[in-house]
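All remarks here apply to the structure that follows.
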Amino acid sequence: MSILIQSFLNGICSGSIYGLIALSLSLLFGVMKIINFAHGAFLMMAMYFTLWICRYLGLHPQLTLLIVPPSMFAVGYLTQRFLIKSIYEKETAREPIGVLIFTTGLWIFLDSLFLLFAGPDAQVIKHGYVNQTLVLGDFIFSYTQIFGLLFSVLVGFAFFLFLKKTKTGRAIRATGQDREAASVIGVNSYRIYDISFGIGMAILGAAGALLLPLYSVYPFVGDVFGMRAFVIVVLGGMGSLSGAFWGGLIIGLIESVGAQFLPATFTEALILIIFLIILYFKPSGLFGLESE
Amino acid sequence: MSRLSRPTWVKNIMSLLSVNDVNVYYGDVHILHDVSISVGEKEIVSIVGGNGTGKTTLMKTLSGLLRTKTGSIIFQGQEIHHLLPYEITRQGISQVMEGRRLFPFMTVEDNLWMGAYPLNDREQIQRNFANVLHLFPILGKRKSQMAKSFSGGEQQMLAIGRALMASPRLLILDEPSLGLAPVSVSLIFDTLQQINAKGVTILLVEQDVKKSLSIASRGYVIEHGRIVMEGPGQQLLSDPHLKETYLGI
Ligand SMILES: Nc1ncnc2c1ncn2[C@@H]1O[C@H](COP(=O)(O)OP(=O)(O)OP(=O)(O)O)[C@@H](O)[C@H]1O
Ligand SMILES: [Mg+2]
């Protein structure tokens, strides 16, 4: 029984980080109506940043959270501003198909780039912190897991407050709901895209920095997480931000609790089976189509 | 030259907005043909015309969503036809678009705050907010309700309120009466007159020819993308062609 509870808690911990990854993907979809196929690749980039900062600057893994999200904000902002925007401008009248193709290209490019410069091997952070544990009664937690959970919830909460309470946050929501109307009332939608892409990547950066102590990083690590994020976003309801976060928790739980009964490859299949069942009964995802 | 041929009442009005020989296309399809209109300071100007004659196309060109191939659009003495929509709004033009175009998953209050997006002066924003609630008390009572849960008439009030939040000098409305019950239509038209009395110039596009021309100081009739008639509202209303085509008399 306590093993079950333990795995339940583990699932919540990793699920909350999945939630962040899916949240950032869902933000880009909700605001810009694009599916960022390079999402996993950007996560991989954030994980390498984290690794290098720990390794070469000797920083504590937790402190990387002060550096990785802002750097990823810059990466996202500049990618949108100088690469995606010009494609987007040419396609204002239709679905941004060109952007989908571009992000797919970017995914392959980034994977190959990191393969070239970082090598194919899986690498981990070597730091005492990584192995610290917290014993609570019968339960043993890794310190990094607990921290990951708390920090993810904090980031998610701060992000929701930002969207609800600030002028820029409201403009982001407005642009997602009706881009033309937003521009007619005075919103520079391209600037909102730049900022949204930046924020999406910053959240993804936080997820990467939280994940690295728990996993190893290699050039294709993003593919696994990216694919999972797609599943979560569709499960939670395309464009629903809270849905993405709850979807992340659900997938984390399935994976972790399922692993108690099934071999790892089967949990992967189990996730997809549950995904299909939910979509069969509720095609718009668990949390409907409400774009927030 | 064309100025000289205009009737005297046009010359006497200092133009706030003037649209000169605008030609707008959707791809290869020529929609607006040499359209010229002018709107004077503090006027209510109404553009009437049937379905698909290019009224919305003209409004979208004014807001910067569509571009004219030739001619110019001048607001307060400055060319605005090359500006982006958000820049045009910052010049002092607010538009209530066709279909109201509210942010459906935002509260009434948030929709209104979004209207003040171009402003930075907090006191000004608070004043505008109070004025809008004074004009439409129902918006104040339902502040935290989602916009999508509103009825058509309430949505139109919210859309007008949102446009007023930016302190516009010129308020443009594209078919505000569309799909509304007669009571709501009267209320909207009354409100437009109140807004105008406070010094906001109004350019109105309508299919409700009678109501809109009767509150308008001047009107234009548009057919197949061309301005075919212009004149004071009352004069147009008594025109035989207009009576026959639009009022069925
Ligand atoms: N996006 C578009 N692409 C191509 N043609 C369009 C487009 N939008 C409108 N049109 C065409 O342009 C013409 C004018 O349309 P517009 O919407 O300006 O008319 P309207 O006067 O506003 O009509 P309504 O009273 O029905 O709103 C119509 O013939 C319409 O079919
Ligand atoms: Mg129209």
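The values are calculated or read from the model by the stated rules, or taken from the named source; none is laboratory data. Given the structure is predicted, the values throughout are model-derived calculations rather than measurements. Methodologically, a virtual Cβ is constructed for each residue, glycine included, from the backbone with ideal geometry; neighbour enumeration extends over all protein chains shown.
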- Select from region B:56-113 the residues that are more than 14 Å from ligand 1 (Cβ to nearest atom) and on the phi > 0 side of the Ramachandran plot and write down the one among them that is surrounded by the fewest Cβ atoms within 10 Å (Cβ to Cβ). B:77
- Pairs under 9 Å by beta carbon, first residue without any contact (Cβ under 8 Å) to a residue 12 or more places away in the chain and in a helix (DSSP H, G or I) in region B:171-190, partner more than 12 Å from ligand 1 (Cβ to nearest atom) and of a type in the set (Val, Ile, Thr), six or more apart or different chains? B:190/B:215
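Please specify each residue of region B:63-105 satisfying the condition of being of a type in the set (A, V, I, L, M, F, W, C), more than 10 Å from chain A (Cβ to nearest Cβ) and touching a Phe, Trp or Tyr at 6+ places or on another chain (Cβ under 9 Å). Spell out how you get there, then give the answer.
Residues of region B:63-105 that are of a type in the set (A, V, I, L, M, F, W, C), as a first pass: B:65-66, B:73-75, B:80, B:83-84, B:88, B:93, B:96-97, B:102-103, B:105.
Filter once more, so that each one left must be more than 10 Å from chain A (Cβ to nearest Cβ): B:66, B:73-75, B:80, B:83.
B:66 - this is the single residue of region B:63-105 that is of a type in the set (A, V, I, L, M, F, W, C), more than 10 Å from chain A (Cβ to nearest Cβ) and touching a Phe, Trp or Tyr at 6+ places or on another chain (Cβ under 9 Å).
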- Test residue B:163 against the stated conditions and say whether it is at pLDDT 95 or above, within 16 Å of ligand 1 (Cβ to nearest atom) and within 14 Å of chain A (Cβ to nearest Cβ). no
- Under the condition of being within 16 Å of ligand 2 (Cβ to nearest atom) and crowded, with 24+ Cβ neighbours inside 10 Å, which residue from region B:160-176 is farthest from the chain's Cα centre (by Cα)? B:176
- Message: Given the criteria part of a loop (DSSP other than H, G, I, E, B), among the aliphatic types (A, V, I, L, M) and either surrounded by fewer than 18 Cβ atoms within 10 Å (Cβ to Cβ) or within 21 Å of the chain's Cα centre (by Cα) (or both), does residue A:125 qualify?
- Response: yes
- Query: Looking at residue B:222, is it within 15 Å of ligand 1 (Cβ to nearest atom) and surrounded by 14 or more Cβ atoms within 10 Å (Cβ to Cβ)?
  - Reply: yes
- Pairs under 8 Å by beta carbon, first residue more than 14 Å from chain A (Cβ to nearest Cβ) in region B:44-62, partner within 6 Å of ligand 1 (Cβ to nearest atom) and assigned to a helix (DSSP H, G or I), six or more apart or different chains? B:47/B:55; B:49/B:55
- Item | Count - residues of region B:125-171 that are touching a helix residue (DSSP H, G or I) at 6+ places or on another chain (Cβ under 6 Å), closer than 24 Å to residue B:55 by Cβ and among the β-branched types (Val, Ile, Thr) | 0
- So is residue B:193 within 24 Å of residue B:51 (Cβ to Cβ) and either touching a helix residue (DSSP H, G or I) at 6+ places or on another chain (Cβ under 7 Å) or touching a residue at least 12 places away in the same chain (Cβ under 8 Å) (or both) or not? no
- Note on the structure: Selection over region B:133-155 where residues are within 14 Å of another protein chain (Cβ to nearest Cβ) and either part of a helix (DSSP H, G or I) or modelled with pLDDT of 95 or more (or both) yields a count of 4
- Could you tell me whether residue B:225 is away from every other protein chain (no Cβ under 14 Å), touching a Leu at 6+ places or on another chain (Cβ under 8 Å) and either within 30 Å of residue B:90 (Cβ to Cβ) or within 16 Å of ligand 2 (Cβ to nearest atom) (or both)? yes
- Query: Name the residues in region A:208-261 that are among the hydrophobic types (A, V, I, L, M, F, W, C), surrounded by fewer than 23 Cβ atoms within 10 Å (Cβ to Cβ) and not in a helix (DSSP H, G or I), would you?
  - Reply: A:214, A:220, A:238, A:259, A:261
